[in-house]
1. What FRET efficiency, computed as 1/(1 + (r/R0)^6) with R0 = 45 Å and r the Cβ-Cβ distance, is obtained for A:GLU107 and B:ASP163, rounded to the nearest 0.05?
2. Given bins 10 angstrom wide, list per bin the percent of all Cα-Cα distances in region B:1-41, short to long.
3. Where the Cα atoms of chain A are projected onto their three principal axes, how long is each span, largest first, in whole Å?
4. Roughly speaking, what is the stretch gain from B:GLU78 to B:LYS201, that is 0.36 nm per residue apart minus the C-alpha to C-alpha distance, in nm to one decimal?
5. Which values, in whole Å and largest first, are the semi-axes of the equivalent ellipsoid of region A:13-76 obtained as the square root of 5 times each eigenvalue of the Cα gyration tensor?
6. Mind scanning B:LYS60/B:LYS279; A:LYS75/B:LYS28; A:LYS41/A:LYS69 and naming the pairs with a C-alpha gap bigger than 24 Å?
7. Hey, can you rank B:126-139, B:184-197, A:108-121 by average C-beta count inside 10 Å, highest first?
8. How large is the convex hull of the C-alpha atoms of region B:1-111 per residue, in Å³?
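Quick note: the coordinates plus some simple rules give every number you see, no bench work behind them. Here the structure is a predicted model, which means the values were calculated and not measured. Cβ atoms come from the backbone with ideal geometry, glycine included; neighbour counts cover every protein chain shown.
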Amino acid sequence: MAKKVLNVEDDPDIRMFVTTVLEEHGYIPLMAKDGEEGAKKVKDEKPDLIILDILMPKESGIKMYHELKKDPSLKGIPVVMLSGVSKRTFLRSQAALTEFGDETVPEPEAYLEKPVEAEDLAETLKKILG
Amino acid sequence: MSITTMLFVSEFEELWFDALQSLMGLRKAGLNHVVFLHVIPRDRVAMKRGTGYLKQEERKLREIADIRFIDWAETLFEEGMEVGAHIAIGNVVPKIISVAEIEKVDLIVTARIKKGKFGEIFLGSETSDLLRRTEKPVLLYNYQSQAGKVGENPFERVFLALDWSVSSEKVLDFVLAMKEAVKRVEIMHVLSEKQIGKMSKMEAHKIERENKKRLDEVCDTFVQQRFDARPHLYIGDTEEQIQRGAGEHRATMIVLGTRQTSAWKEKWSGSISHSLAEKSELPLLIVPAGGN
């Protein structure tokens, strides 16, 4: 059975690019245009993997990731970060959230900085989902 | 009333990262979420004779804004703050109002927004338009007169201008909620020179005494909340005296209330807050009467 991949991304051009890559490699693409919608879709659809942007309206990928990895029923879903924000900043931001009393969360399964090549994205997904 | 979410509207030419950093003192007062908004004016990408919609230009402008916002957001994320961003095409004031609603912001920060000369003559600036239409407090920076320089903490010495209206009560609540960010409050009221001039000496003294008493009461409220606060009574033209008082007390920001009026009414009857919004060299925080 084809696996469901949720892409949380506010840029419509990148959503279209990711959708194309997902469809070409036999995955079922699910889309959300901000962190708030993304968090809702994760709960409703229980995707097999999440591709997550960071800087978005309503709720950032940093907050969404942290919430996701704290939720016992969702923390097992692998996450590929796909963002213009550097990995260094992402890790520091997660550490900063911990400093404010939040629990520590693991690093994401993969971190891709934009722009990403279609082959690199597909290969990353394959490594994680098999 | 507290400030947890702030909308930072930047045209990039007029409001920069130093202004944003100068507001980080608000974290002590509860600020934990910054939302960026950049509006690409429609005429930059559309309505060009013979070229149609400039999709490529739109992409380029979005990309420029995105890169700038990512750079700013990285600094804030690393400090543990929540950051969001909107890049939109259209008219700036409706977009500000719409994003402020969507993100449920407590404060809008923007530079003075210019309008075409014709529009400014007849309807005032976009800034006035925003002040008329929003129910959120607005913090205005005026880079034109400050040569691009921003003080380190605009909330350090707040100059609070009160006219005893409903909006003044909102202003008080707002400043009291920023206790941890504000170091000193100069509280002032201006008695109209015209009004005093028509009174007998006795009546004038009575009015002065009453207003001093009200100022002292407000000042006591602030002192009880452990603010460093001082009352000041001025007589003269309100706008002039606010500017003068802010200068005398080396204020870092002027705070006052506003009543929402129509563009034409404001144009002909005048509005202190809207007029100061155009002229003040200091950051100006305007709290509308209908604000939250």
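1. With a Förster radius of 45 Å, E is 0.20.
2. All Cα pairs, binned at 10 Å, distribute as 26, 53, 19, 2 percent.
3. 42, 29, 27
4. Contour length minus the Cα-Cα distance gives 38.1 nm.
5. 20, 15, 9
6. From the list (B:LYS60/B:LYS279; A:LYS75/B:LYS28; A:LYS41/A:LYS69), the Cα-Cα distance tops 24 Å for B:LYS60/B:LYS279; A:LYS75/B:LYS28.
7. The peptides rank, most packed first, as B:126-139, B:184-197, A:108-121.
8. Given the Cα convex hull of region B:1-111, per-residue volume reads 96 Å³.
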